Amino acid sequence: MNVELLQHISTAITEGEDEQAEKLVNEALQAELPPVDILNQGVVAGILKTGELWKNNEYFLPDVILSADAFKAAMGLLDPALRESGISRHGKKFVIGVVEGDMHDLGKSLVIAMLTSAGFEVVDLGIDVPLSKFIDAVKEHKPAIVGMGAYMTTTMLEMNDIIAELEGQGLRNDLKVMVGGVPTSQEFADEVGADAWGKDALDAMYKAMDLVGV
Amino acid sequence: MANSTLEIAHGVLYGNGLRFGKLSPTGRVFAAMLGKHGDTIPFMGPQIHDHAMTIAKVPAYKYYFDADLLVNVQIAVERWYGFDNYTIIPDAYVYEVEALGAKMIYSDNAMPTVDTSQPLINERTDLDKVGSLDPSKGRIPVGVEAARLICEKASGPFAMGFFCSPFSLIVQAMGYPKVIRALRRDRVFAQEMFDWAENEAIFPYLKAQSEQPGVKQSSGADAWAAFPNLTPELVEEWVIPSAKRLAQRGKQELGMTVMAGLAASDYCEEDPAKFEKKIMFECWSTARKTFIMDVALSAMGRTQDWNMEWLQEFAVQYGKWGRKLPIYASLNGRFIRDSQPEEIVAKIREWIDVMGRDGRLLFFIGNVPADTPPVNIHTAVHAVHTLGKYPIVADIPSIKIKSPQFESFDTWLKDQPEADTIFKGREPGPRPKVFTN
């Protein structure tokens, strides 16, 4: 029964059924299943399956969006239970934002969903984030990784200044930097001195895990 | 030969074997599109607005708010590079939603962009609140004037107004995830959104464009409908019927050719490991239904890693009367920006070898990034025109290509008709009122 319920949670998330996912997670909590099992065998299993289907050309962006919605809905219920039971995942912090002048946050939302599923504690700075806000967030949260996104070829150049400022303020040594977004590339990431380029949300998640060794 | 009709006729005749006289750039394009080939492979003007602004050193707060500056800058920069036609495209995606009251972000350095964190449309009732587009609002007058200037200054079959296609417009108004949820779960609302976009947002803009002298056609950018944002099935279900409705209404009520869905189904998968021939064929098939002309299309995708034998095979398979479809071979903008000139030449050499020998090949760049080194673009144009000379030599690697010498843009510009407008455009001026609202 329990295994079946967790399987159903996983399926609901993969299929992007947000209301169903929420309902099933609630049922599982009511049945006093361990939150960590609900997380790993239900919610995370579901979103990782979505990632695999995406990788295998069986899912496309609309499917991933709905799946990420379902993941978010499930985590909304599960997060408090996890905290209450003192469950700690690796909890590496990831500060993420879209650079100043740029408002496109679709990619960021997907990356956040994937990073959360991989156990990162994500600090979302939002969109149109000025340089100073990135710097302040790095000082405040001391993340393992800071990620910057841009959609326009004009705004992506902000990333250069942010990385230079991190270096200038001596914040770069223990910090990994990732970049992503439509106009970016591996070559651009190399040029600005980023540690990794995420070409899509799944790729960003795996590269982030590699960077922090989880 | 300044008459574009004669240039086109010359190109068509030349391309079909009557090879007399010297082809104009426009003639070269039509020789490849409607014949077999011209004297050499043409290089189409790319989407270049951000890059052109950077090259011309004009501030965004003037460039994107002044139709005369916008059009003159793009024309001058495209001519400096030596493309075979002008493709003058404003920042086509936000005019309508901006005029309808969407929250915008304005910047000294970048084009205006919609703040999708505060969407214009959240739910059904918002459609009534937002209502119809008033063509005197926002930058609609700039877009209308740009359409007039494009048709006046870049005359010919590729001169047209621009608008944002319904799917991309809805995304700008609501945000992509909400639109996807509506398409999948609330078809009635989704249809209402399309109806609103077509009739209340886009049509008034088209009407204003059609009232300008010379504006006989308008094209609707639709990059949000590219693959994998939308699957070919979703494009067939939503985007193509919508484009047909707009085209019909434009023709009936405005006497205008309206082409929505430009770049819908363009194959933009980023991961080479996921490139799949079957899916690419589906995308290319669907893209034929909305593109300006019937071509095998590549536009914004990661084409540097494509197997171009597939695109050639597609063009041959779907060609008519014993001729393959013309191929729009688009060099990826990031590839052009990030590569060394010799890497660009190698890619062009490879593509001409695969797709150019039997003619009907046109080169293009999908949205040139702002910071692209000019030498890369000059080299690309030079390489296409040199390596693409017909008949294509058997031993194409034997032709050596060096980056061409070229004058700086500013030196070249001094003697050009756009000089005064551009030099004046560089002078600091007041920010448009919207910056302080």
Here are A:Ala81, A:Ala68, A:Ala74: which of them is within 14 Å of another protein chain (Cβ to nearest Cβ), farther than 20 Å from B:Ser168 by Cα and not charged (D, E, K, R)?
-> A:Ala68
Can you tell me how many residues in segment B:137-191 are more than 14 Å from chain A (Cβ to nearest Cβ), under 20 Å from the mean Cα position of the chain (by Cα) and among the hydrophobic types (A, V, I, L, M, F, W, C)?
-> 16
Scanning segment B:350-368 for residues that are crowded, with 19+ Cβ neighbours inside 10 Å and away from chain A (no Cβ under 14 Å) gives B:Trp351, B:Ile352, B:Met355, B:Gly356, B:Gly359, B:Arg360, B:Leu361, B:Leu362, B:Phe363, B:Phe364
Kindly check whether there is at least one residue in segment A:96-115 that is of a type in the set (D, E, K, R), modelled with pLDDT of 90 or more and out of contact with any Pro (no Cβ under 7 Å at 6 or more places or on another chain).
-> no
Picking from B:Trp238, B:Trp196, the residue that is within 14 Å of another protein chain (Cβ to nearest Cβ) and crowded, with 21+ Cβ neighbours inside 10 Å would be B:Trp238
State yes or no: is B:Ala99 out of contact with any Pro (no Cβ under 6 Å at 6 or more places or on another chain), of a type in the set (A, V, I, L, M) and modelled with pLDDT of 95 or more?
-> yes
Does segment A:42-52 contain at least one residue that is more than 12 Å from chain B (Cβ to nearest Cβ), crowded, with 21+ Cβ neighbours inside 10 Å, closer than 30 Å to B:Ala225 by Cβ and touching a strand residue (DSSP E or B) at 6+ places or on another chain (Cβ under 6 Å)?
-> no
Scan segment B:71-89 for residues that are open to solvent by less than 10 Å² (accessible area, probe 1.4 Å) and part of a loop (DSSP other than H, G, I, E, B) and jot them down.
-> B:Asp84, B:Ile88
Regarding B:Val188, is this residue crowded, with 19+ Cβ neighbours inside 10 Å and either at pLDDT 95 or above or of a type in the set (A, V, I, L, M, F, W, C) (or both)?
-> no
Which of the residues that make up segment B:197-210 are touching a Lys or Arg at 6+ places or on another chain (Cβ under 8 Å) and either of a type in the set (Phe, Trp, Tyr) or not in a helix (DSSP H, G or I) (or both)?
-> B:Phe203
Residue count, segment A:1-41 (criterion: polar (S, T, N, Q), open to solvent by less than 30 Å² (accessible area, probe 1.4 Å) and farther than 28 Å from A:Ala204 by Cβ) = 0
Inside segment B:369-400, the number of residues satisfying the requirement of being farther than 14 Å from B:Glu78 by Cα, of a type in the set (A, V, I, L, M, F, W, C) and surrounded by fewer than 18 Cβ atoms within 10 Å (Cβ to Cβ) is 4
For segment B:305-337, what are the residues that are open to solvent by less than 30 Å² (accessible area, probe 1.4 Å) and within 14 Å of chain A (Cβ to nearest Cβ)?
-> B:Leu331, B:Asn332, B:Gly333, B:Arg334, B:Phe335, B:Ile336, B:Arg337
Pairs, first facing chain A (nearest Cβ under 10 Å) and surrounded by 24 or more Cβ atoms within 10 Å (Cβ to Cβ) in segment B:110-123, second in a loop (DSSP other than H, G, I, E, B) and polar (S, T, N, Q), C-beta under 7 Å, six or more apart | B:Ala110/A:Thr154
For segment B:6-16, state whether one or more residues are modelled with pLDDT of 95 or more, aromatic (Phe, Trp, Tyr), open to solvent by less than 40 Å² (accessible area, probe 1.4 Å) and not in a helix (DSSP H, G or I).
-> no
If we scan segment B:295-302, do we find a residue that is in contact (Cβ under 8 Å) with a residue 24 or more places away in the chain, touching a Ser or Thr at 6+ places or on another chain (Cβ under 8 Å), surrounded by 18 or more Cβ atoms within 10 Å (Cβ to Cβ) and not aliphatic (A, V, I, L, M)?
-> yes
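The values are calculated or read from the model by the stated rules, or taken from the named source; none is laboratory data. If you're wondering where the values come from, they're calculated on a predicted model, not measured in any experiment. Cβ: placed from backbone, ideal geometry, glycine included. Neighbour counts: every protein chain shown. Heavy atoms of the whole protein, side chains included, go into the accessibility calculation; ligands, DNA and RNA do not. Shrake-Rupley method; radii C 1.70, N 1.55, O 1.52, S 1.80 Å.
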